[in-house]
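Heads up: the structure comes next, in structure tokens.
Readers should treat all values here as calculations from the given coordinates under stated rules, not as data from a laboratory. Please read these numbers as outputs of a predicted model, since none were measured by experiment. All Cβ positions, even for glycine, are placed from backbone atoms using ideal geometry, and neighbour counts span all protein chains on display.
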């Protein structure tokens, strides 16, 4: 299993860089061998799209889990659509964070967005002009909305991968959704007590 952690320096003793898309480095750790690669984040100085580019770098390196301080919604969509688990809110050194991860002390970040109702003219009855986008997000004109659960994005990805890769991706997504459901159920129970 490959794990990527956003780092301020290329060392296990470096502090976590809390900025996913603008972090200095990614340490990619193979948990089976405990070997790691240091990957400079070449998109950190991009004018826009740094998070998306950084996420694609990790997708291309077959990472299964990302640990960082925070991830923007576009980068989160890229990672989630590739079946990559996202753990945010990390702090301390890479070594400390790795120890927390192996001890099961880090919780996955929910990546699915809950549909929301606006309080516009239609009062949630579907009388708007379609500008709300999917799940309450505004969609920029000329931009396709890449929703996590859209069947068209999953089916287009499915044609690009082998059967084994698709099975692996779907199993990872199921596991991530189960973890998210557990997290949401726990939070709901906490709120009820």
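List of remarks:
- Which of 1, 177 has the fewest Cβ neighbours within 10 Å, and the rest in rising order: 1, 177
- Protection-proxy order for peptides 55-61, 185-191, 67-73, each taking the mean of Cβ atoms within 10 Å per residue, highest first: 67-73, 55-61, 185-191
- Zone of residue 99's modelled label, taken as backbone nitrogen in segment 1-26 under 20 Å from a point 7 Å along Cα→Cβ: 3-18
- The distance between label points at residue 59 and residue 163 comes to 2.5 nm (points 7 Å beyond Cα on the Cα→Cβ vector).
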